[in-house]
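Report on one structure; see the data block that follows.
The values are calculated or read from the model by the stated rules, or taken from the named source; none is laboratory data. Treat the numbers as computed from the prediction; the structure is a model and nothing was measured. Cβ: placed from backbone, ideal geometry, glycine included. Neighbour counts: every protein chain shown. These area figures cover heavy atoms from the full protein model, side chains too; ligands, DNA and RNA do not enter into them. Shrake-Rupley method; radii C 1.70, N 1.55, O 1.52, S 1.80 Å.
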Amino acid sequence: MIERRDPPPIGRVVATEQKPATPHQFHFWTANETSIGIGAIVRVEGAGSGEQGAGKVVYGVVTDGFAYSDLATPLHDVVGAEGDPAKAADSPTVRQEIRLWTAAVLRQRPEEPLQPVPLGQVHVASDVDVAQALRMDAYLGGAQPTAIPVGLYTSGGLEAPVYLDADFLLGPEAAHLNISGVSGLATKTSAVEFLLGSIFQHFPPHKGRIAAVCFNVKGPDLCFLDQPGALEDEDRRRYERLAVPARPFERVRYYAPFKADGVNLNTLRTHPDLVSDVEPLVWGLREVLDYAEVLLNRDDIDAKADAFIDFLSDRVVDKEFDDGFGGAHRVLTFADLERLFRSIFDGLELSARGDTWRTHHIATIRKVRNRLSNISTRCKGLVTDDGPSNDLPWGRFEDRAVYVVDVANVDPLGQDLVFARAVSKLREHLERRDLGVDAVVVFVDELNKYAPGDGPETYVKKMLLDISERGRYLGLVLFGAEQFRSQVHRRVVGNAGTIVFGRMDSDELATPGYQVLSPAIKIKLATLPIGELMVRHPHFTQPIFVRFPRPAVLRGRDGVERFPPAADLPFEDAVARQLVKLDRRVRPNLVKDLLADRREEDVRRALAHTRQARPQDAFAHFKRQLGGRVAAAPATARESVSPLNPISDEPY
């Protein structure tokens, strides 16, 4: 895994009264022509036998550089050239110039006693030196190695693999990764895609099974992870050097809500060759009500409304319920809940009992009813008014699988609901150890939006804080990305064991959080090329620059060009496509004939029921469900019909 090479000395440590060597920093000079640069790792060898510092080895990383000549002041050079820059080149002698470098100590061997860096020779680091300097030797070998390749350290003609410790990247010692950088140039998504592939390949067997859940919140970024992308020979060589296969993810499962019509998927992955792999994500009343706080934590929702929502969740939904006016209800859907509300309003009006029902004021009931109706309207396609739900495969997660939840085109309210519910379910199943895998990486882009440093304490922000502080004990790992790290909640970024930086904005680098970096490091961060990152890890005492190969998956923009999204199908065609996906024997023409003169809401209910049942004969099941109500309302509840959710009892 590591190649051995003994590089020649390229400099020598120098210590003066103005620039002394310390246990944490030293200076050294090199020839003018040198391969050393900012971010280079060097090895210092102590003096010869019997001298001070004998036998000591110090590893450091270059953080700054200076050039000096024998001029006392710039004025001397101006006078010597008689004020003409052209004459300076004709000088009979060339002024002496030296290169002086500042390096931060990465590691000393032996580590005790901790002493100033000795005045020894400086060598360019070899593969072995890089492993020693970054303390990677602790997890590269042994009976149970935990090394995860993150990229290649490249400097001075050397190309050495750099590894992260899985115990500190994925738990339980530490966990979480945060990556920052300007949009488009920092390659944040590409870096996470490569790292996920590396994790899947090198995840330690003794740690069990692992999967990833990625939320696609903008454009087509994560819509083509199962499709191969174009790689150059240099990228393939780097993949081979890191022992990571250059191929797309083998197991990718896509989930996306429907559009408002309830049959066309709300995703950019709608090309005929790919859309069959996308599962609909549809939730009903129970799924929404359990996370009502996500949607109702607005200024006008008070403790009384929260109490009424809890009452509905605990005593009404999925239970036989008497409304107190002679009506029996079994509330399973939003339509059923609307019938219950109408029954309550009508009962209070006819019975003249006042304005209170079961200790809840009618104004509170109307407020909650309006908010829930608003949810089903704003999130139409994700939230269904009637019919079964379709969810992620809780309890059946596959090893080394990526589950992409595409909510890029969903209303922000719906995005919050999807994120909150999905992560909460992950946490619940990991606590019970019945998810199907032992660890899950959750990738969330745009952390500036979901966990801002200021603003109200939303349900989503509290959940992210809980994951960042306690998720490592459960195997729930957060990979977060954002443009401005300084604007993300301090506890979210502070609990990330591994910090990655792509190209950074100069204004961002001027914020207090980057004061520990030298001016030269900041300049390099502001000009990083695509594919290069700066990595901080618990084993690394200083940040390290690495390069990673282009991900072997199809980029979002390229995927849209190769697989252009299809236009929305007419209602009948979209239904036929959904049935063909369930059963290849289904003939679209027969489906269209069956749908003639049918109401769309009835068709959607029958289709949802068929999708949930997944019968062997999808067409026969669909036809049978379409011939009668999928979820018939109790007779006593049918008397009250909502103008928002009209229900008809006429035969089809």
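Using DSSP to define loop residues, name the GluC sites (Glu not before Pro) in region 8-89 whose beta-carbon has at most 12 other beta-carbon atoms within 10 Å.
GLU17, GLU33, GLU51, GLU82
Based on C-alpha pairs under 8 angstrom that are at least 6 apart in sequence, the chain has a relative contact order of 19 percent. Relative to the longest principal Cα axis of the chain, at what angle does helix 571-582 sit, 0 to 90 degrees, rounded to 10? Around 70 degrees separate the two axes.
Mind jotting down the distance between the C-alpha centroids of region 93-168 and region 236-273, whole Å? Result: 37 Å between the Cα centres. By a 1.4 Å probe calculation restricted to protein chains, LYS462 has an accessible surface near 90 Å², given to the nearest 10.
In the neighborhood of SER313, defined by Cβ-to-Cβ distances under 10 Å, what is the net charge if each Lys or Arg adds +1 and each Asp or Glu adds -1?
Working: positive: ARG286, ARG315; negative: ASP290, ASP310, ASP314, ASP318.
It works out to a net charge of -2.
Taking the helices alone, the chain has a mean residue ellipticity at 222 nm of -9500 deg cm²/dmol, built from -39,500 (n - 2.57) per DSSP H run of at least 4 residues and averaged over all its residues. Ignoring ligands, DNA and RNA, please state the percent of accessible area on region 497-561 from carbon and sulfur, probe 1.4 Å. Answer for region 497-561 is 51 percent, counting heavy atoms of protein chains only. Put +1 on the Cβ of each Lys and Arg and -1 on the Cβ of each Asp and Glu in the chain; which of LEU231, LEU134, THR333 then has its Cα farthest toward the positive end of the dipole? Looking along the dipole axis, the top candidate is THR333. When the scattering of region 286-378 is computed by the Debye formula from its Cα atoms alone, each counted once and equally, what is log10 I(q)/I(0) at q = 0.21, 0.23, 0.24 Å⁻¹? Those come out to -1.11, -1.33, -1.45, one per q. Per-residue accessible area (protein heavy atoms, 1.4 Å probe) orders LYS524, LYS592 as LYS592, LYS524, starting from the largest. SER190 contributes about 30 Å² of solvent-accessible surface, heavy atoms of the protein only, 1.4 Å probe. Which lysines, if any, have their Cα less than 23 Å from the Cα of LYS461, not counting same-chain residues under 8 positions apart? Qualifying lysines at Cα under 23 Å: LYS188, LYS218, LYS425, LYS449. Look at the dipole of the chain built from charges on Cβ: of SER180, THR267, SER351, the Cα furthest out on the positive end belongs to SER351.
Lys/Arg Cβ at +1, Asp/Glu Cβ at -1, dipole of the chain taken about the Cα centre: which of ILE530, GLY284, SER35 is farthest positive-ward? After comparing all options, I get GLY284.
So, by mean Cβ neighbours within 10 angstrom, what's the order for 130-136, 258-264 with the highest one leading?
The most tightly packed comes first, giving 130-136, 258-264.
Evaluate the Debye formula for region 9-133 with equal point scatterers sitting on the alpha carbons, no solvent, and hand back log10 of I(q)/I(0) at q = 0.10, 0.14, 0.15, 0.20 Å⁻¹, in q order, two decimals. Scattering profile of region 9-133, log10 relative to I(0): -0.39, -0.65, -0.71, -1.05. Its Cα centre serving as origin, region 9-133 has a Cβ charge dipole (Lys and Arg +1, Asp and Glu -1) of approximately 340 debye.
Computed about its Cα centre, the charge dipole of the chain is approximately 1080 debye, with only Lys, Arg, Asp and Glu carrying charge at their Cβ. Report the accessible area of ASP70, computed with a 1.4 Å probe over the heavy atoms of all protein chains in place, in Å² rounded to the nearest 10. Number for this one is 100 Å².
What is the Cα radius of gyration of region 86-234 over 2.2 N^0.38 Å, N being its residue count?
1.49
Across ILE10, ILE309, ILE98, the residue with the most accessible area heads the list, and the full order at a 1.4 Å probe is ILE98, ILE10, ILE309. Of all aspartates and glutamates in the structure, those lying under 13 Å Cα to Cα from LYS56, and not within fewer than 8 positions of it along the same chain, are GLU45, GLU111, GLU112. For a straight C-alpha distance cut-off of 13 angstrom, the aspartates and glutamates reachable from LYS522 (same-chain residues fewer than eight places away being disregarded) are ASP64, ASP505, ASP507, GLU508. Normalised by 2.2 N^0.38 Å, where N counts its residues, the alpha-carbon radius of gyration of region 91-146 equals 1.76. What the Kirkwood sum gives for region 353-398 is a hydrodynamic radius of 13.5 Å, with every pair of different alpha carbons counted.
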